[in-house]
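The values are calculated or read from the model by the stated rules, or taken from the named source; none is laboratory data. As the structure is a computational prediction, the values presented were derived from the model and not from experiment. Here the Cβ positions follow ideal geometry from the backbone for every residue, glycine too, while neighbour counts run over all protein chains shown.
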Amino acid sequence: MTSIPVWRGIGQTPLPGREDRDVPIVIVGGGPVGLALAIDLGQRGHRVVVLNRLDVIAAGSKAICYAKHSLEYLDRLGVGDAAVARGVTWNTGKVFWKDKASPIYSFDLLPVRQQKMPAFINLQQYLLEEMLVERLHALPNVALRWGHEVTGIAPGGDGVTLTVNVGSQAYTQRAAWVVACDGSRSTIRQRMGLDFEGRGFEDNFLIADIRLKADLPSERWFWFDPPFNPGRTALLHRQPDDVWRLDFQLGPGIDRAAAIRPEAVDPLVCGLLGAHVAYDRVWYSVYAFQCRRMARFVHDRVLFAGDAAHLVSPFGARGCNGGFADVANLAWKLDRVVGGTAGGALLETYNDEAVAAADENIRHSTRATDFISPGSPGATGLRDAVLALADDTAFARAMVNSGRLFAPARLVGSALNTPDRDDWGSKGVPPGCAAIDAPLGSGWLLAHCGQGFTLLSNGPFDPGLPDLRCLDIQHATIAVERYALPVGGAVLVRPDRLVCARWHAATAADVHRAVATAMNRGP
């Protein structure tokens with residue numbers, strides 16, 4: 001572990017007492033995805049143990065871009081406001097080509113304004129992890145064990161047995177359910193003999209995190225074939241504390257050790273930012289990537305989420321954001337299964353929906369990679385023709401792909417949806433799509449949604465279901481317009497803030513059936 005850059009040292013957690021070696025839920029992996037899931041389940045009252053191999057919060061080049069949907073999830077966990085306040089907010093992206101000083105294409109990632117959260121923030125992963133750890137420590141029913149490395153797993157019967165090493169010592173941990181959030185090199189996945197399916201890419205990219213003071217806007221800037229990296233690409237992002245993320249395409253078959261030496265990095269940095277720019281090195285690394293996933297994310301009582309389940313290229317910020325979508329989907333379902341209000345079949349819908357979301361992310365990521373790094377002279381020529389036309393032609397701008405930025409998957413085919421019976425045209429939010437925020441009173445609509453199901457109605461309506469939060473939004477004009485609700489209409493929102501049913505005129509029986517469908521109980 002000595003080669004791992006350290007942001008904050010924690011120290012090893014002592015071995016647990018025997019009474020703490022058999023718990024309902026164990027999460028393996030203390031990165032953002034595992035921590036978020038632990039907080040979500042802890043807020044729902046469950047006893048949770050997180051096993052983290054490291055005894056530090058690691059620094060280095062990791063996730064930095066968090067999308068609005070993820071920020072809304074973090075808000076439910078109690079850290080959304082802190083993340084936005086600490087991060088760099090941005091909504092705009094610009095694409096440059098060759099030596100053109102002006103962008104050939106600009107895009108706005110928050111076309112629908114008047115929502116609490118911005119389109120994106122940039123925030124170093126270790127800063128977000130600190131916030132999540134602090135929030136987790138406020139939950140007495142959640143324990144985070146630092147320096148506890150899982151080395152073995154034995155599923156069986158009504159639970160799972162883990163072998164955990166703590167320095168030179170070891171112990172056995174039992175759990176009714178185990179969730180593997182232990183990253184791309186998942187020990188759990190390897191010990192269970194499982195693997196990824198999909199595609200790897202041979203191209204290499206340099207991440208140069210540097211510190212400098214620069215008067216540049218907080219936007220995502222992407223270059224195709226710039227003079228300082230001819231024939232390749234570059235990317236620029238601002239982070240907090242005067243740290244900038246620079247990303248340079250290097251090509252296949254390089255000497256990785258040589259690529260991160262100052263004499264190799266400096267010409268690229270100065271080419272992008274200006275000759276003789278004064279900056280400090282924060283972290284350099286070279287990466288290649290894969291667009292792959294496991295065949296299944298649910299294996300009896302062992303569940304997989306985040307990079308342990310699927311991998312994508314970094315173009316589009318779909319890694320950590322996709323992981324947050326996984327655990328938002330999983331948490332409410334595991335909550336009900338552990339609490340005895342739903343059967344294990346509900347967890348099978350996590351597999352179906354999370355696999356569908358991963359496939360959507362992989363599809364977008366693969367297309368972006370093929371555009372950024374064409375695999376043949378013909379593909380390069382087509383890409384360059386699109387870029388040449390993009391400055392003046394709308395249809396070509398729509399084809400420019402510097403990474404389609406993360407948006408929540410459209411799970412329109414989910415078995416948990418109630419199909420529309422009314423004609424909505426193109427208006428409103430269809431079942432399977434993420435609920436959209438809007439002003440509500442002195443606050444925000446999504447903040448008024450509960451941990452369970454929420455019914456939004458245009459006019460008073462209470463179908464008499466326990467644990468269903470009913471919100472009359474008839475006086476919230478913007479919300480009514482966004483959901484296209486006529487008087488008497490209603491929208492049912494799942495605990496993970498996906499719409500699962502809507503009606504022009506809803507009855508209590510309609511809502512009862514839709515909740516049963518969303519709980520995978522049938523009509």
### Message
Tell me yes or no: at least one residue of the range 446-461 is assigned to a loop (DSSP other than H, G, I, E, B), of a type in the set (A, V, I, L, M) and in contact with a Phe, Trp or Tyr (Cβ under 9 Å, 6 or more places away or on another chain).
### Response
no
### Task
Go through the residues of the range 12-23 one by one and say whether even a single one is in contact with an Asp or Glu (Cβ under 7 Å, 6 or more places away or on another chain) and either assigned to a loop (DSSP other than H, G, I, E, B) or in contact (Cβ under 8 Å) with a residue 60 or more places away in the chain (or both).
yes
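Here is a yes/no grid of residues against (1) assigned to a loop (DSSP other than H, G, I, E, B); (2) in the same structural domain as L54 (by TED's automatic domain parsing); (3) buried (at least 17 other Cβ atoms within 10 Å of the Cβ); (4) in contact (Cβ under 8 Å) with a residue 12 or more places away in the chain:
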site: P111; (1), (2), (3), (4): yes, no, no, no
site: Q115; (1), (2), (3), (4): yes, no, yes, yes
site: L128; (1), (2), (3), (4): no, yes, yes, yes
site: V133; (1), (2), (3), (4): no, yes, yes, yes
site: P140; (1), (2), (3), (4): yes, yes, no, no
### Message
Could you go through the range 214-233 and let me know if any residue there is in the same structural domain as R301 (by TED's automatic domain parsing) and under 23 Å from I260 (Cβ atoms).
### Response
no
#### Entry: Scan of the range 472-523 for residues that are touching a Leu at 6+ places or on another chain (Cβ under 7 Å) and assigned to a helix (DSSP H, G or I), ordered by number
A479, Y483, V511, H512, A514, V515, T517, A518
### Task
Only helices (runs of 4 or more DSSP H) wholly contained in the range 333-422 count here; list those with 2 or more residues that are in contact (Cβ under 8 Å) with a residue 40 or more places away in the chain, of a type in the set (S, T, Y) and under 28 Å from S313 (Cβ atoms).
345-372
### Query
Which of the residues that make up the range 59-75 are in a helix (DSSP H, G or I), over 22 Å from R8 (Cβ atoms) and either of a type outside the set (F, W, Y) or more than 10 Å from the chain's Cα centre (by Cα) (or both)?
K68, H69, S70, L71, E72, D75
### Task
Quick one: which residue in R497, R469, R521 is under 20 Å from A407 (Cα atoms) and either at pLDDT 95 or above or not aromatic (F, W, Y) (or both)?
R497
### Query
Among the residues of the range 406-451, which ones are of a type in the set (V, I, T) and surrounded by 14 or more Cβ atoms within 10 Å (Cβ to Cβ)?
T418, V429, I436
### Query
Filter the range 268-292 for residues that are of a type outside the set (A, V, I, L, M, F, W, C) and part of a strand (DSSP E or B); which is farthest from the chain's Cα centre (by Cα)?
D280
### Given (1) in contact with a helix residue (DSSP H, G or I) (Cβ under 9 Å, 6 or more places away or on another chain); (2) modelled with pLDDT under 95, index of the condition G152 fails
(2)
